[in-house]
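Working notes, beginning with the structure itself.
The values are calculated or read from the model by the stated rules, or taken from the named source; none is laboratory data. Computed from a prediction, not measured in an experiment: that's the story for all the values here. Using ideal geometry, Cβ is built from the backbone for each residue, glycine included, and neighbour counts are taken over all protein chains shown.
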Amino acid sequence: MPSELRSPRLAVLIDADNASAKIADGLFEEIAKIGEASVRRIYGDFSNPRSRGWADVLSKHAIIPQQQFAYTTGKNASDITLVIDAMDLLHSGRFDGFCLVSSDSDFTRLAARIREHGIDVFGFGEQKTPESFRQACRRFVYTENLRGGAPSNQDTAARAQPLQPPEAATPIIKKVISQMASEDGWVTLGEVGRQLANLASDFDQRTYGFRTLSDLVRKTNAFEIDQPKGGAMRIRIMPATAPTPKPPRRRRPARKPPE
């Protein structure tokens, strides 16, 4: 029998000091879209109230805790242990990707080092995460988008407040379209989505309150949309409309001087 294709094997490493336990369900649902979370480890001082919330979800998601007591103030033993384990796992050659769950820019060099080996890095952190760490990852997901499940397009009123308004996505989508070679300006939405992931690792339509890129594009009202029957959806930048010329002012006839 032919061997079944195996999902990418992933190592999930969580910084408990910089990630909330409230994201656990959404986090592993998101990771399941990428591949198989073969290693699941979390690092922190679980005697600290800040990390204690993870204790309730460890068994549910089969996460192995790596307890690190803070023996010295100002020294982060958890970060050091996470980096050491990541390098050991990297050199084992058993993994196709790493998921680093933290909002700490200290992991920027780790992410870059892993990618130098040709291994994908997927980052998960809050919107406040420094750009250096976000861009060091192949893809970066804001953990605010993972709380309470994905937004529903059908129930706009019940949808959680998005991190940014839809129109904030217009400039980067326009930039992607302008970079893609097309004589008539039309490009398929699938190509736009792939190029967006390459240009901005943290681009996510959920940040703007939508489940799909097509719904986000429609809401911006900045693009022409072509949906041929049975074909792929295409979009192009909506041409700027010329301002309506004002009618010329009528000159009043000069009054005749009195005789």
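Inside the range 15-52, can you point out the residues that are of a type in the set (A, V, I, L, M, F, W, C) and touching a Lys or Arg at 6+ places or on another chain (Cβ under 7 Å)? Listed by number, the residues that qualify are 23, 46. Meeting the requirement of 3 or more residues that are among the aliphatic types (A, V, I, L, M) and either out of contact with any Phe, Trp or Tyr (no Cβ under 8 Å at 6 or more places or on another chain) or closer than 19 Å to residue 136 by Cβ (or both), the strands (runs of 3 or more DSSP E) wholly within the range 7-117 are 9-15.
Exactly one of (1) within 20 Å of residue 22 (Cβ to Cβ); (2) basic (Lys, Arg); (3) out of contact with any helix residue (DSSP H, G or I) (no Cβ under 8 Å at 6 or more places or on another chain) is unmet by residue 41. Its number? In the conditions (1) within 20 Å of residue 22 (Cβ to Cβ); (2) basic (Lys, Arg); (3) out of contact with any helix residue (DSSP H, G or I) (no Cβ under 8 Å at 6 or more places or on another chain), residue 41 misses (3) alone. The set of residues from the range 222-240 being in contact (Cβ under 8 Å) with a residue 40 or more places away in the chain and either surrounded by fewer than 18 Cβ atoms within 10 Å (Cβ to Cβ) or not aromatic (Phe, Trp, Tyr) (or both) comprises 222, 226, 232, 233, 234, 235, 236, 237. For residue 51, the conditions (1) modelled with pLDDT under 95; (2) surrounded by fewer than 22 Cβ atoms within 10 Å (Cβ to Cβ); (3) not aliphatic (A, V, I, L, M) are fulfilled apart from (2).
For the range 186-202, a residue qualifies if it is surrounded by fewer than 20 Cβ atoms within 10 Å (Cβ to Cβ), in a loop (DSSP other than H, G, I, E, B) and under 17 Å from the mean Cα position of the chain (by Cα), and the qualifying residues are 200, 202.
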